[in-house]
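None of the figures in this text is laboratory data; all of them are computed from the coordinates on show. All figures in this text were calculated on a predicted structure; none of them were measured in a lab. In this analysis, Cβ positions are derived from the backbone assuming ideal geometry, glycine residues included, and neighbour counts consider all displayed protein chains.
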Amino acid sequence: MISFFRRKSRVLVLDDDVSMQKLVSMLLKREGLKVDVVDHGKQAVEAVDRTSYDAILLDLMMPHEGGMTVISHLKEKNPELLKRVILLTATPKAVLKGIARDVAGVVRKPFKPEELVATVLDVLKR
């Protein structure tokens, strides 16, 4: 049985890789979550400004505006929402040091499906 908080929770996924979008979306929808997917940082910023999200997954390594665009926007406009951001990245750990302290968690690519789901559910429980 899907718990109430999971059934009502909405997640935003920012990733420019279509296969990653499909995988993450499928895994989260299987848990009963509502999932919105965008492939550009500007789209993600527009989405967080108009919709209330319970968790946000951001890819950092993108050719144009990626997760850092969203993080910068949230720091300025909605710093409280940073506590619901999960970085979904293959970025080297040394690069992540300064960024990771501002967000709820990091899931390193390639990831195990259960790791991703557990991290998102943990953020939703907070």
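Across the chain, the mean sequence separation of Cα contacts (distance under 8 Å, 6 or more residues apart), normalised by length, yields a relative contact order of 23 percent.
Quick one: plug the Kirkwood hydrodynamic radius of the chain (C-alpha pairs) into Stokes-Einstein at 10 °C, 1.306 mPa s, and report D in µm²/s. In µm²/s, the coefficient rounds to 111.
Ignoring lysines fewer than eight residues from LYS34 along the same chain, the ones with Cα atoms less than 16 angstrom from its Cα are LYS8, LYS22, LYS125. Which of LEU23, VAL117, ILE56 sits farthest toward the positive end of the charge dipole of segment 4-125, with +1 on the Cβ of Lys and Arg and -1 on the Cβ of Asp and Glu? Result: VAL117. The peptide list 73-86, 56-69, 105-118, put in order of mean Cβ contacts within 10 Å with the highest first, becomes 56-69, 73-86, 105-118. Using only side-chain charges placed at the Cβ, +1 for Lys and Arg and -1 for Asp and Glu, the dipole size of the chain relative to its Cα centre rounds to 500 debye.
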